[in-house]
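To start, the structure itself, in structure tokens.
The values are calculated or read from the model by the stated rules, or taken from the named source; none is laboratory data. Quick caveat: nothing in here was measured; it's all calculated off a predicted structure. FYI the Cβ positions are ideal-geometry reconstructions off the backbone, even for glycines, and counts take in every protein chain you see. These area figures cover heavy atoms from the full protein model, side chains too; ligands, DNA and RNA do not enter into them. Shrake-Rupley method; radii C 1.70, N 1.55, O 1.52, S 1.80 Å.
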Amino acid sequence: GFIATEDDSLDWLFPLGDINETSYPAFIAEVGALAMGSSTYEWMLRHAQTVTAETGSAWPYIQPTWVFSTRTLPAIPGANLHFVQGDVRPVHAAMRSAAGNDKNLWIVGGGDLAGQFFDAGLLDELIVQMGSVTLGKGKPLFPRRLTSPPLTLVSVRQMGTGFAELRYQVPAKSAPTTHTSPNGTTSST
């Protein structure tokens, strides 16, 4: 249930196998825009050498990327970055415009940012790659309770010896229902 350690480390990830043995190359080819939180972005800044060794570049994305942060962060030269804060809905609209209708939008991390997109009704799929390690505690993958209706499992795939990929369809959020009582008061559910 955790995506990073308590100190935002992803170091556990790299010993698990070759990225080319996963669905990542095909997945990223279908992505037109990305969003990430400041912790994910700062991890990439701190681990530029590791990212370069794994991907060939300190900034491995050609897609425009929106970084959510309330702080001023340094930009990576040559990266198509947009530093934003606040409501995810206008950012989603900008991402959709940049990506076009034929490409996916990827919420890279963190879990709470993905949860904000979910809360706004803007997530339609969760792709979870489970690594063959346990963290015990750390940063939650998706800090939201989804029980009714539950996620719908679409596919399961083994990738190498270190990963299983689970794809889930996210149920559409229902619009709030407005009730008007006989005395004229309204309530939403």
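Within the stretch 93-103, which residues are open to solvent by 40 Å² or more (accessible area, probe 1.4 Å) and either within 15 Å of residue 170 (Cα to Cα) or in contact with a Leu (Cβ under 8 Å, 6 or more places away or on another chain) (or both)?
Within the stretch 93-103, 96 is the sole residue that qualifies.
For residue 38, are the conditions met, namely being among the polar types (S, T, N, Q) and within 28 Å of residue 86 (Cα to Cα)?
So residue 38 passes the test.
Let's see how each residue does on (1) within 27 Å of residue 17 (Cα to Cα); (2) assigned to a loop (DSSP other than H, G, I, E, B); (3) open to solvent by less than 20 Å² (accessible area, probe 1.4 Å):
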{"site": "28", "(1), (2), (3)": "yes, no, no"}
{"site": "49", "(1), (2), (3)": "yes, no, no"}
{"site": "57", "(1), (2), (3)": "yes, yes, no"}
{"site": "60", "(1), (2), (3)": "yes, yes, no"}
{"site": "79", "(1), (2), (3)": "yes, yes, no"}
{"site": "90", "(1), (2), (3)": "no, no, no"}
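Could you grab me the full set of residues in the stretch 113-164 that are open to solvent by less than 40 Å² (accessible area, probe 1.4 Å) and either farther than 30 Å from residue 90 by Cα or among the hydroxyl-bearing types (Ser, Thr, Tyr) (or both)?
131, 159, 160, 162, 163, 164
Exactly one of these conditions fails for residue 84: (1) surrounded by fewer than 18 Cβ atoms within 10 Å (Cβ to Cβ); (2) under 12 Å from the mean Cα position of the chain (by Cα); (3) modelled with pLDDT of 95 or more; (4) not small (Gly, Ala, Ser). Give me its number.
That leaves (2) as the condition not met.
Take the residues of the stretch 12-26 that are part of a loop (DSSP other than H, G, I, E, B) and at pLDDT 80 or above: which is farthest from residue 61 (Cα to Cα)?
Across the stretch 12-26, the extreme among qualifying residues is 12.
State the number of residues belonging to the stretch 106-126 that are part of a strand (DSSP E or B) and within 9 Å of the chain's Cα centre (by Cα).
Residues flagged as part of a strand (DSSP E or B) and within 9 Å of the chain's Cα centre (by Cα) within the stretch 106-126 amount to 5.
State yes or no: is residue 40 surrounded by 12 or more Cβ atoms within 10 Å (Cβ to Cβ), without any contact (Cβ under 8 Å) to a residue 24 or more places away in the chain and in a helix (DSSP H, G or I)?
For residue 40, the condition - surrounded by 12 or more Cβ atoms within 10 Å (Cβ to Cβ), without any contact (Cβ under 8 Å) to a residue 24 or more places away in the chain and in a helix (DSSP H, G or I) - is not met.
Tally up the residues in the stretch 128-148 that are among the basic types (Lys, Arg) and under 11 Å from residue 5 (Cα atoms), please.
Result for the stretch 128-148: 2.
Return the pair list, or none, for Cβ contacts closer than 8 Å from residues in the stretch 158-169 that are modelled with pLDDT under 90 to residues that are of a type in the set (Ser, Thr, Tyr), at least 6 apart or on different chains.
159/22; 159/23; 160/22; 161/132; 162/132; 163/22; 163/132
Quick check on residue 9: is it over 26 Å from residue 100 (Cα atoms) and open to solvent by less than 80 Å² (accessible area, probe 1.4 Å)?
yes
Which condition from (1) on the phi > 0 side of the Ramachandran plot; (2) in contact with a helix residue (DSSP H, G or I) (Cβ under 9 Å, 6 or more places away or on another chain) is the one that residue 68 breaks?
(1)
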